[in-house]
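In what follows, a single structure is set out as structure tokens and then discussed.
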Amino acid sequence: MKILLLAVNAKYIHTNLAIYSLRQYALWAAAKNGDNFCGDENYGKEHIFLREYTINHMLDEILRGIYEVHPQVLCISCYLWNIRMVEEIVADYKKIDPNVHIYLGGPEVSFDAAECLQRIPAVDGVMVGEGEATFYELARSYFQYKEASDNKWESLAKEAQRFIPDGGQGNLIKDKRENIPPGCAEIRSLVFRGEDGRIYVNPLREPLNFSELPFAYADMENFDNFRHKIIYYETSRGCPFSCCYCLSSVEKSLRLRKLSLVEEELQFFLDCHVAQVKFVDRTFNCNKAHAMHIWNFLYEHDNGVTNFHFEIAADLLDEEQIALLNKMRPGFVQLEIGVQSTNPRTIEAIRRRMDLEKVKRYVAQVKRARNIHQHLDLIAGLPYEDYVSFAKSFDDVYHMEPDQLQLGFLKVLKGSAMADMAEEHQITFKTMPPYEVLSTKYLSYVDLLHLKDIEEMVEVYYNSGQFLYSLPYLLARFEGPFKMFERLAEYYREEGLFERRHSRMERYEILYCFVKERHSQDLADAHCNSHRDYIADQISDFPACFAQCLLCDFYCREKPKSQLSFARAIDCGKQQLKEVFAAFGVEREESGQYYVARFDYDMDAARKGQTVKKKGYLLFDYTSRDSLSGACAIRYREEDTDVAHCSLCDRDWGN
């Protein structure tokens, strides 16, 4: 007997926690209950297989991989991003092996399991909700069924009559190798197709004691294969909040994993030096004691390599938590903070509790330490959020200066309270996954298209972290960040730039052309009414200073192998370069780790939106980088002085 747990992930770097957890629980429960249902001392290790693919794999490759295992039972984890591919897989593989039994699980099929079976004839059943115990009982049922069918088929057929809801006609069982085990009728949280073709919905099971679950990765071999992947991990299930767009609000309770177990499991990841562990706890810090214990443990056991990602509510932070976070190694911790909207009416409508002033204050306190990468999220398409309101939410969050600003779009998920609210707020959304919003009572489809364009500009020019000097300098010429990205998106549309891919160098060239071609118009119209006199004095210097901001950003990433079109004027000649390196105290053999250029404007002032002429040299030091942005350290030296200044350590030094 072979059972295959299959995952189709969004990206190669991802792993699927569900299939590891299901397998490990089944092995643990079999050993605990003395089932030994696999008939050997390995308790299923040689009978329950795992395979992971991505949505970018060819369908033929996945089908081949399944066939090489040749499972009698195929179980697949289903999500928004893979359900359409899963439907193709099961339809085609059922043609290859008509006798295979196929079960689905996961959030994308848990809330309409019966409809899923009606829609996909190749599927025999759906495991609803939390799947560990359901999968174990299903696996046990199949292993027992196989043994019984080999040794005592006739008595089993009679026993089956007790479980088939329509009375258990013996002629329903046509071939002992193809039938659903009769024990399936007693497995809670299972929806299955009976031998009569009818769909049976079993009662739901109670949530498991989360601390009784075994460690999902306990028996993994060759963990080196996961060293450079994201490992998903959870220390809690459920959520105490009731955000109507989120499925976590369906389970009102919060179950925490025993901290002694969490410590052992985190130590395993630390010892394996995995690249990143991403906690899937919906609001990690909703229980302060739990969060503080884990953060303290990680701080005390930092291996200098692994990064840990947490989704938190920023307004639940306090001075004690921030003091601990501020002590962390730069890059050790990453925080994702769902703001979603700053419109009070919207926040109330989506049943979200948030103190915006606390969010701003605590995000700023975390940011000041410059050691933690913060992602702040917004959702477009929520109730009462129109285009103007969303622009304000965008500006509010942008001014918090997150390391990344994630602009997402509402997804009306099956089973969520938002699905029930859709009619009231005239929310239309895509028929197929990911059920993304198309329009609302407050946002037209055209509005959402414009926001999509703005989202791409934010990804390219803000979230990339590659425009740390040029964006702040440009922003000072606009009413606000939303207006700036809106204008840039308009330029992309007008020039047909969305239709083609661009290299990193081209992104800089495009931004330079945008300013060069449009800056006079932008400075003259309503973008900068409150600063019109200030800016009018600097119109002539603005393009030149902005060009140098772009060059500064460009050189901050890596030593250039080729130059941007507007770089020639500030490059140093060979002899001058040699002299400047010497002035900075850099030996000739070290010069490959540095780059020098002559600048006419003060880059620190430009980052504050100011145009200040200041001739000197910038040395870009690629041996020292900011742990969050990845930008290299910059040393500045004015002409005819012996004092230089380092941007990374923020201090003066001399020869």
If you average the alpha carbon positions of the range 260-282 and of the range 54-77, how far apart do those two centres end up, in angstrom? 29 Å
Given 135-145, 497-507, the highest-first ranking by average Cβ count within 10 Å works out to 135-145, 497-507
Simple spin-label estimate for residue 324/residue 242, 7 Å along Cα→Cβ, in nm, reads 3.0 nm
If contacts are Cα pairs under 8 angstrom and at least 6 residues apart, what is the relative contact order of the range 222-318 in percent? 32 percent
What size of dipole, in debye to the nearest 20, comes out for the chain about its Cα centre when the only charges are +1 on Lys and Arg C-beta atoms and -1 on Asp and Glu C-beta atoms? 80 debye
Calculate the translational D of the range 379-469 in whole µm² s⁻¹ from Stokes-Einstein, where the hydrodynamic radius comes from the Kirkwood formula applied to all Cα pairs, the temperature is 10 °C and the viscosity 1.306 mPa s. 113 µm²/s
Length gained, residue 99-residue 615, 0.36 nm per residue minus C-alpha separation, equals 178.0 nm
On the principal axes of its Cα set, how long, how wide and how thick is the range 268-401? Give whole Å, largest value first. 49, 25, 24
Going down the table (94/411; 288/483; 2/95; 278/358; 11/94), which pairs top 29 Å between alpha carbons? 94/411; 288/483
Run the numbers on the range 390-468 and let me know its relative contact order in percent, using alpha-carbon pairs under 8 Å that are six or more apart. 25 percent
Work out how much length residue 206 to residue 115 would gain on full extension: take 0.36 nm times their residue separation and subtract the Cα-Cα distance, in nm to one decimal. 30.5 nm
So what is the relative contact order of the range 85-146, in percent, for Cα pairs below 8 Å that sit 6 or more residues apart? 32 percent
With unit charges on the beta carbons (Lys and Arg positive, Asp and Glu negative) and the dipole taken about the Cα centre of the range 57-132, which residue among 96, 73, 85 sits farthest to the positive side? 96
Mind jotting down the distance between the C-alpha centroids of the range 320-364 and the range 433-512, whole Å? 24 Å
Dipole check, the range 426-472, charges on Cβ (K,R +1; D,E -1), about Cα centroid: among 445, 472, 431 the Cα furthest to the positive pole belongs to 431
Relative packing of 49-55, 13-19, which averages over residues the other C-beta atoms within 10 Å, highest first: 13-19, 49-55
Starting from the residue with the highest accessible area, list 81, 295 in decreasing order, probe 1.4 Å. 81, 295
Where both residues lie in the chain, what percent of DSSP beta bridges are antiparallel, nearest 5? 45 percent
Compactness summary of the chain: radius of gyration and Dmax from Cα atoms, Å, are 29.4, 100
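The values are calculated or read from the model by the stated rules, or taken from the named source; none is laboratory data. Values in this document were obtained by computation on a predicted structure and should not be read as measured data. All Cβ positions, glycine included, derive from the backbone under ideal geometry; neighbour counts span all protein chains shown. Side chains are part of the model used for accessible areas, which takes the heavy atoms of the whole protein and leaves out ligands, DNA and RNA. Shrake-Rupley method; radii C 1.70, N 1.55, O 1.52, S 1.80 Å.
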